[in-house]
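Novice: Attaching a single structure in structure tokens format; questions to follow.
Just so it is clear, none of the values below were taken in a lab; they were calculated from the coordinates. Keep in mind that this is a model prediction, so the values were computed, not measured. With ideal geometry, Cβ positions are generated from the backbone for all residues, glycine too; neighbour counts draw on all protein chains shown.
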Amino acid sequence: MAAPETFDWLRYALSVALVLGLLVLTLWGLRRSAAAGNAVLGQGDKMVVLDRLRLSPRQQLLRVRALDEEILLAVSPQEIRRVGGRPLSVGAEEEGASDA
């Protein structure tokens, strides 16, 4: 029979391996679910962030193209507020594509 000290070390090593394995499995699941969520939202490029201006570490302005409209959003930890927007014409979309 194995010595008690060997059994304690083996039990400790298996416990650590189990915890690390569960951590890796959890992180893999979170990454997979986040990627699946982004794929659903990003189908067909219906929404694209065109520009980002950081006003402070927690506040920013975003220029977003969503469907057939360009929108200016003010983003802070408390809220997201639409500051302005304009519909895109066919000529504006082609002009923006040639700039990229």
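Novice: Given 0.36 nm per residue, what is the gain on full extension from ASP68 to SER56 after removing their alpha carbon distance, in nm?
Specialist: On the way: separation 12, 0.36 × 12 = 4.32 nm, distance 2.95 nm.
Stretched fully, the ASP68-SER56 segment lengthens by 1.4 nm.
Novice: At 7 Å along Cα-to-Cβ for each site, give me the label-to-label distance between MET47 and LEU23 in nm.
Specialist: Calculated label separation equals 3.4 nm.
Novice: Ok, one more. Per-residue counts of other Cβ atoms within 10 Å, averaged by peptide: what ranking do you get for 58-67, 71-80, 17-26, highest first?
Specialist: On the way: 58-67: 14.3, 71-80: 12.4, 17-26: 10.0.
Packing order, densest peptide first, comes out as 58-67, 71-80, 17-26.
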